[in-house]
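Q: Before anything else, here's the structure in question.
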There are 2 protein chains.
Amino acid sequence: MNLKQFVPILEWLPQYSKKELTGDLAAGITVGVMLIPQGMAYAMIAGLPPIYGLYACTLPLILYAIFGTSRQLAVGPVAMVSLLTAAGVGVLAEQGTETYITLAVSLALLVGLIQFGLGVFRLGFLVNFLSHPVISGFTSAAALIIGLSQLKHLLGVDIPRSHHIHEILWHAIQQFGHINWMTFTIGILGIVLILLGKRIHPAMPSQLLAVVFGILAVWLLGLTDYGVKIVGEVPKGLPSFSMPQFDAATIEALLPAALAISLVGFMESIAVAKAIQARHKNYKVDPNQELIALGIANIGGSFFKSYPVTGGFSRTAVNDQAGAKTGMASIISALFIMLTLLFLTPLFYYLPKAILASVIMVAVFGLIDYKEVIHLWKANRTDLALLLITFVATLSLGIEQGIGIGVILSLAMVIFRTTRPHIARLGRIPGTRVYKNVERFDNLEIRDDVLIIRFDAQLYFANVNHFRETLESYAVQLGDQLKAIILDAESINNIDSTGVHTLLDVIQDFRQQGIDFYLVGLKGPVRDALTRAHALEQIGIDHLFVTIQDAVDAFDGKTPRNIEKKAPITTQSQSK
Amino acid sequence: MNLKQFVPILEWLPQYSKKELTGDLAAGITVGVMLIPQGMAYAMIAGLPPIYGLYACTLPLILYAIFGTSRQLAVGPVAMVSLLTAAGVGVLAEQGTETYITLAVSLALLVGLIQFGLGVFRLGFLVNFLSHPVISGFTSAAALIIGLSQLKHLLGVDIPRSHHIHEILWHAIQQFGHINWMTFTIGILGIVLILLGKRIHPAMPSQLLAVVFGILAVWLLGLTDYGVKIVGEVPKGLPSFSMPQFDAATIEALLPAALAISLVGFMESIAVAKAIQARHKNYKVDPNQELIALGIANIGGSFFKSYPVTGGFSRTAVNDQAGAKTGMASIISALFIMLTLLFLTPLFYYLPKAILASVIMVAVFGLIDYKEVIHLWKANRTDLALLLITFVATLSLGIEQGIGIGVILSLAMVIFRTTRPHIARLGRIPGTRVYKNVERFDNLEIRDDVLIIRFDAQLYFANVNHFRETLESYAVQLGDQLKAIILDAESINNIDSTGVHTLLDVIQDFRQQGIDFYLVGLKGPVRDALTRAHALEQIGIDHLFVTIQDAVDAFDGKTPRNIEKKAPITTQSQSK
């Protein structure tokens, strides 16, 4: 047992030097500056008072720095998890109530426990089941929902909360006459400022610029008189310790949302952690330890009023670009936010909500992945269908349902693909020993007495009937001329017991009809399975060959070059 | 549209001749003789009065003869479907009540509609998802449950109905003092008679012999005075027309059982139909038309008091052996049973229930598949585990639950297997152009500057991380010596969009580290996917080769023999 494995901060803290501090300080403050508007804005997505976004930027960051394996990952509130929080807690309590806040904090504890458990039991591989099209469709839909949920703040009108975009848009149109144009102007100027700032320099703290602009505009011009909604009183001071509510009923009610957040949050975090690690190489990201670290960050945070957090995409990129060398950067960010909480919260009194809406909208509309749709239209229609179904399901049925349907459908597709696999009839390139798919090559030599078939999938229970039927229909087509079938098994990566049964049945059936059967290019795992089932004896060792031409030669009565009969039938024997 | 396709009786009836009638008559009467004891016995399994087993042997057989594609399949009540009927209806009504009977008949209608629908929508392939180990485990458990459910009739004691074998056995032991030894003797003699008869000749109507023996023994020796339970009054006459009860509540309550019966019944039927067809070849069995025919048989039957039927294993074998040439044999069997119903039912008055129990026990204990357990212990431990889990789940959780868990687990195993596929590092057989797995062959030439890897699965979302991590860990292991990676893609049968993304990412990553990347033996479907995604341009056409040795030669600066760069990149291009 190596303590450093479980407390990765021990890897770098003992050797920590001034050189690293320079980078970490610059990065920590840069990210801290980003966290102020983002934290408050994302809390708004989650349906929480803005201050809770800042609370979530304190202890969790320090805990991740201690237990996390990535040295640049910037943990904190992110848009997607905030949306999932709103969706999960929103069905149980009214936004803005004490109960709502209590439940959001309990959710962080539950998410933390789930992530910690997944990490301890090394179940991090579960995120592998989220395919690219599903993630893309889900993210685009979530971005659309998040963006439109901010429309009311941008327009200064009252739109009932909804996850149905047509409802939101319809309400927005109905409210056209009530738009607060001053609010709208500030919001649009905020968006323009952020986009301009980013264009001038990616590392420019343009979101903070928008915040400063908004505060000054409202304060100097007295815009509250024109109906511009502001953040108002933001309580001073650090989040105090309090036990999260955690009874059985709460757990049960929050469980679906907690599971979705655990996996989606981890997925976002591990993806960016790995991408950044690839540029550094002085450390390794361990998925299961990452789950443990995020789990501890969420558990610890929940005792200090934090709602669920994870590693964020854009902030991590900024952290890295700004020179972060170790987790110390995150600790500095957390201290920066803690100082803000202690002394600067009164400054946010006049911050217009429209500015927070503009921060959110710029962030999330960039996530809408229309390029992937165009790409998949050309590259892979099945995956495009998965993407669009996930997108539509997320919009119409809900956040967790959308991702659930996406995952189940993509697994069903994997199964479905192997139930009717690609089966090729092969012919010889004249004058060579090479056999190719007759449908892809012209002028191949094809014989009517020898059928050569390649089966491109594992042979298992769900495709054995397809295997048998395809062979039988070829046999019917060729009629009485057919004297032998050669199965090129090089692409059969696996065989289960149903596959073995069927293969033996098929061979026996054909031999009873006077059609001999040869196997070519058996792979290790398949050969092992056949050996254990005592199937090779029934097939006949003298009917196994290394190459197709060898089998053809044997059928023709010539001496094949690579007959397998001398090879002992053991696991370590001659098999590809 | 070909009418014969939908009404297959038109295939043979117009040419029907005396020669076929001879065989059909013998077979039809033989099966009819079997149907009398079996029908009554299986009705008892289903919890119905014995007469309902005979009702189910009338119209459904005629309807199947008209619409079915198999000419030897003997449709009627079977043990497994009877058990599923008892399990499904038993939770809704008390056995022996009018409601129970009504529901069993409604179940036949629902099963018929489901099967008809599955056939029309060509969903017959769904049965492919029942793997051999799952069927075996499920069948053995069901056989055990059925067999033990007859213990009360064999012992002449009262045992409460239960699907938990330990409860049944426990009750049986408690009732030891109350065993009716006369009943038990008759039952045992019945079993001995049936087994002996079968041993003397497989076509001997030994079940009917046991029935005759039982009736005579009770009647001549007045055994009812000794407490031997008899069938009693069996109503005379054909089943009358009546509308099945079919409201929404009934449908909803029966749906799980109906789904299970539809699929399990079809599976049993299609398996035996195909096995028998393989010996005839003068017709073809069409799975979807079979579903339609079974559907019509069940629907039609339900209007004449039939409970769910399907094609039975042993009766079909007897039908074929006795010389059945066409569906006329089934029609004759049905007429035989109808005559029995009209005139012979009084004969069954003294039939002891213990004899029916002995018919059932002999039939089902033969289904317990302990040989497969022994076989899989040696051949495939994963499939053994699936078998045993299905077996235990069926015994402990219930009939439908057992099969459901089995199916889900076997699909999960398929997915799981492909998430961590076999990955082989290859080395050259010295002096040849042949490359083999270094873990299975000794004395292969292995270079430290060129890593040759074969990936044995489709490359898709759930295994891309495994693919990347395996390559990266090899790269770390080889360190700075590594200059090129050659991916043998011959076993990659498919690639999805996540796979394409990852492959490009990995290639780019390695090339940035100064490690070149070659692809060898791309298959048609994979090449097409890469082409559509414009990935081949990024990989470089001059980095694609037909054989591993060609790629090695290219890396070494030699001219490879089979460089792909001249091949046009189209679907019909040079690809294996």
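Q: Could I have the simple spin-label model distance between B:ASP449 and A:GLN321, label points 7 Å from Cα toward Cβ, reported in nm to one decimal?
A: For B:ASP449 paired with A:GLN321, the spin-label model returns 4.0 nm.
Q: Can you work out ³J(HN,Hα) from phi for every residue in segment A:180-186, in order, using Karplus 6.51 cos²θ - 1.76 cosθ + 1.60 and θ = phi - 60°, giving whole Hz and x for Gly and Pro?
A: Coupling constants for segment A:180-186: 8, 5, 5, 4, 4, 4, 4 Hz.
Q: May I pose another question? At 7 Å along the Cα-to-beta-carbon direction for both B:ILE541 and B:PHE121, put a label point, then send me their distance in nm to one decimal.
A: With each label point 7 Å from Cα toward Cβ, the separation is 4.6 nm.
Q: Here is a further query. At q = 0.05, 0.07, 0.08, 0.09 Å⁻¹, what log₁₀ I(q)/I(0) does the protein assembly as shown have when each alpha carbon counts as one equal point scatterer in the Debye sum?
A: Here the Debye-derived log intensity ratios amount to -0.46, -0.84, -1.01, -1.14.
Q: For label points placed 7 Å from Cα toward Cβ, what is the shortest-first list of nm distances from B:GLU469 to its copies?
A: Nearest to farthest, the other copies are at 3.8 nm.
Q: Sticking with this one: Cross-link partners among lysines for B:LYS353, C-alpha distance below 30 Å, same-chain residues fewer than 8 apart left out?
A: Correct list for B:LYS353: B:LYS152, B:LYS198, B:LYS229, B:LYS236, B:LYS305.
Q: Let me ask something else about it. Which of the peptides B:221-230, A:20-29, B:260-269 is most tightly packed, and how do the rest follow, judged by the mean count of other Cβ atoms within 10 Å per residue?
A: B:260-269, A:20-29, B:221-230
Q: Between B:LYS281 and B:HIS171, what is the label-point separation in nm under the 7 Å Cα-to-beta-carbon projection?
A: 5.3
Q: While we're looking at this one, here's another question. Skipping prolines and chain starts, which residues have an amide H placed within reach, meaning under 5 Å, of the one on A:VAL7, given they are 5 or more residues away or on another chain?
A: none
Q: How many angstrom lie between the C-alpha centres of segment A:1-40 and segment B:16-63?
A: First find each Cα centre; the distance between them is then 81 Å.
Q: Taking a label point 7 Å from Cα toward Cβ, how far is B:LYS483 from its twins in the other copies, in nm, shortest first?
A: Values, ascending and in nm: 5.1.
Q: Give a quick list of chymotrypsin sites (Phe, Trp or Tyr not before Pro) in segment B:278-353 that DSSP marks as loop, anything other than H, G, I, E or B, with at most 15 other Cβ atoms within 10 Å.
A: B:TYR283
Q: If we count other beta carbons within 10 Å of each Cβ, what is the order of B:TRP12, B:TRP219, fewest first?
A: By the 10 Å Cβ count, ascending, the order reads B:TRP219, B:TRP12.
Q: If you don't mind, another one. Compute the long axis of helix A:370-379 from its Cα atoms, compare it with the longest principal axis of the Cα atoms of chain A, and write down the angle in degrees, 0 to 90, nearest 10.
A: 10
Q: Which whole number gives the average, over all residues in B:533-544, of C-beta atoms from other chains lying within 10 Å of the residue C-beta?
A: The mean count of partner-chain Cβ atoms within 10 Å per residue comes to 1.
Q: Non-local amide H neighbours of A:ILE486 (under 5 Å, H modeled in plane, Pro and chain starts lacking H): which ones?
A: Hits under the 5 Å cutoff: A:LEU451, A:ILE452, A:ILE453, A:TYR518.
Q: Now a separate question. Counting only C-alpha contacts under 8 Å and six or more residues apart, can you give the relative contact order of chain A as a whole percent?
A: Taking the mean separation of contacting Cα pairs over the length of chain A, I get 21 percent.
Q: May I pose another question? Under a 5 Å amide H to amide H cut-off, with H placed in plane at 1.01 Å, what residues pair with A:ILE230 once short-range neighbours are removed?
A: Here A:LYS353 satisfy the definition.
Q: Still on this model: Give the angle, between 0 and 90 degrees and rounded to the nearest 10, that separates the Cα long axis of helix B:464-478 from the longest principal axis of the Cα atoms of chain B.
A: 40
Q: Now, a different point. For chain A, what does -39500 (n - 2.57) per DSSP helix run (n ≥ 4), summed and divided by total residues, give at 222 nm, in deg cm²/dmol to the nearest 500?
A: -18500 deg cm²/dmol
Q: List the distances, in nm to one decimal, from the label point of A:TYR16 to the label points of the same position in every other copy, shortest first, placing each label point 7 Å from Cα along the Cα-to-Cβ direction.
A: Spacings between copies for this position, smallest first, are 9.3 nm.
Q: Could you rank the peptides A:378-386, A:194-202, B:99-107 by their average count of other C-beta atoms within 10 Å per residue, with the highest value first?
A: Listed from highest to lowest mean packing, they are B:99-107, A:378-386, A:194-202.
Q: Also: Convex hull over the Cα atoms of chain B, averaged projected area in nm²?
A: Its average projected convex-hull area is 34.0 nm².
Q: Once phi is turned into θ = phi - 60°, what whole-Hz ³J(HN,Hα) does the Karplus curve with 6.51, -1.76 and 1.60 give for every residue of segment B:513-524, x standing for Gly and Pro?
A: Using θ = phi - 60°, the values come out as 8, x, 10, 6, 9, 10, 10, 10, x, 4, 8, x Hz.
Q: Pairing the Cα long axis of helix B:353-365 with the longest principal axis of chain B, what angle in degrees results, from 0 to 90 and rounded to the nearest 10?
A: 10
Q: Counting DSSP beta bridges with both partners in segment B:420-555, what percentage is antiparallel, nearest 5?
A: So the antiparallel bridges in segment B:420-555 amount to around 35 percent.
Q: If you don't mind, there's one more thing I want to ask. D for segment A:420-555, whole µm²/s, Stokes-Einstein with Kirkwood Rh over alpha-carbon pairs at 25 °C and 0.890 mPa s: what number?
A: 164
Q: Per residue of segment A:39-53, in order, report the coupling 6.51 cos²θ - 1.76 cosθ + 1.60 (Karplus, θ = phi - 60°) as ³J(HN,Hα) in whole Hz, putting x for Gly and Pro.
A: Residue by residue, segment A:39-53 yields x, 5, 5, 5, 4, 5, 4, 6, x, 10, x, x, 4, 5, x Hz.
Q: Another question, then. With a 10 Å radius around each residue's Cβ, average the other Cβ atoms per peptide and rank B:448-454, B:170-176, highest first.
A: B:448-454, B:170-176
Q: Alpha carbon centre of segment B:467-498 versus segment B:189-261: separation in Å?
A: About 64 Å separates the Cα centre of segment B:467-498 from the one of segment B:189-261.
Rule-based calculations on the coordinates, nothing more; no lab input. Since this is a predicted model, take the numbers as computed values, not measurements. No Cβ is skipped: glycine too gets one built from the backbone with ideal geometry, and neighbour counts run over all protein chains shown.
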